[in-house]
Amino acid sequence: MSISVEKTSLPGVLVVQPRVFGDQRGFFLETFHREKYRAAGIDRNFVQDNHSHSRKGTLRGFHYQLVHPQAKLITAVRGEIFDVAVDIRKGSPTFGKWTGVHLSEENKRQLFIPEGFAHGFLVLSPDTDVIYKCSELYNQEDEHGVIWSDPQIAVEWPAGDPILSDKDKSFSRLSEIPQSLLPVYQQG
């Protein structure tokens, strides 16, 4: 197999390390191969690819969709980010818990985040490019979020005073979000 997968503290959230082939010319790797990823436990039909370019200190998130939930496979192809998933599924044994992973062009790791989790990342290097695959199409009317600085979640961000969009500044704490606007945990 050309990838290795590491479990995180949140069931279903996985760190993927693709196999990298490098020589004096540069490198080659598969950023996605449906059969290999399926065999590693990532069995999604990805329907949309996104590319985000950000400057150092930018924080994007925490975002989620409720009616059209998205699983995501995130890769930093230039620069470095601290990528975070938060379990916001009501009834989940890990509700309100988070995990974070450094993704960079050097380590070439990816983070897989299943449906039902909020996602955000902090840009740690200048001129950073992040690409991510989504299992559902983006739907603006279905966009929701949790404030990045929620003290109950207490993410240990590697830098303070981030650059935020007005939308991301306006999100509520997880405890203030109506239960009807949170995904439901489903065992198995």
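Throughout, read-outs are computed from the coordinates displayed, never taken from laboratory work. Everything quoted here is computed from the prediction, not taken from an experiment. Reconstructed Cβ throughout: ideal geometry from the backbone, glycine too, with neighbour counts over all protein chains shown.
Return the FRET efficiency for the residue pair Arg38, Glu156: r is the Cβ-Cβ distance, R0 is 30 Å, and the value is rounded to the nearest 0.05.
That gives a FRET efficiency of 0.35.
Got a sec? Charge dipole of the range 45-177, +1 on Cβ for Lys and Arg, -1 for Asp and Glu; which of Ile113, Ala159, Pro93 is way out at the positive end?
Comparing the listed Cα positions along the dipole, Pro93 ranks first.
If you line up the Cα atoms of the range 45-155 on their principal axes, what length do they span on each, largest first, in Å?
37, 33, 23
In the structure displayed, which of Lys56/Lys97; Lys7/Lys56; Lys108/Lys169; Lys108/Lys167; Lys56/Lys108 lie more than 24 Å apart, Cα to Cα?
Lys56/Lys97; Lys7/Lys56; Lys108/Lys169; Lys108/Lys167
Given the DSSP H assignment, sum -39500 (n - 2.57) over each helix run of at least 4 residues in the chain and divide by its residue total; what's the result at 222 nm in deg cm²/dmol, nearest 500?
On the way: 2 runs with 10 residues, N = 188.
Helix-only estimate at 222 nm: -1000 deg cm²/dmol.
Once the piece of chain linking Ile163 and Val47 is laid out straight, how much longer is it, given 0.36 nm per residue of separation minus the C-alpha distance between them?
Additional length available on full extension: 38.8 nm.
Tell me, what is the FRET efficiency for Ser175 and Arg78 to the nearest 0.05, using R0 = 30 angstrom and their Cβ-Cβ distance as r?
So, using R0 = 30 Å, E works out to roughly 0.25.
At 0.36 nm per residue, minus the direct Cα-Cα distance, what do Glu141 and Val67 gain on full extension? Give it in nm, one decimal, please. Write down the numbers at each step before the final one.
On the way: separation 74, 0.36 × 74 = 26.64 nm, distance 0.96 nm.
Stretched fully, the Glu141-Val67 segment lengthens by 25.7 nm.
Starting from the 7 Å offset along Cα-to-Cβ, what nm value, one decimal, do you get for the label separation of Ser125 and Glu106?
Spacing of the two 7 Å Cα→Cβ label points: 0.7 nm.
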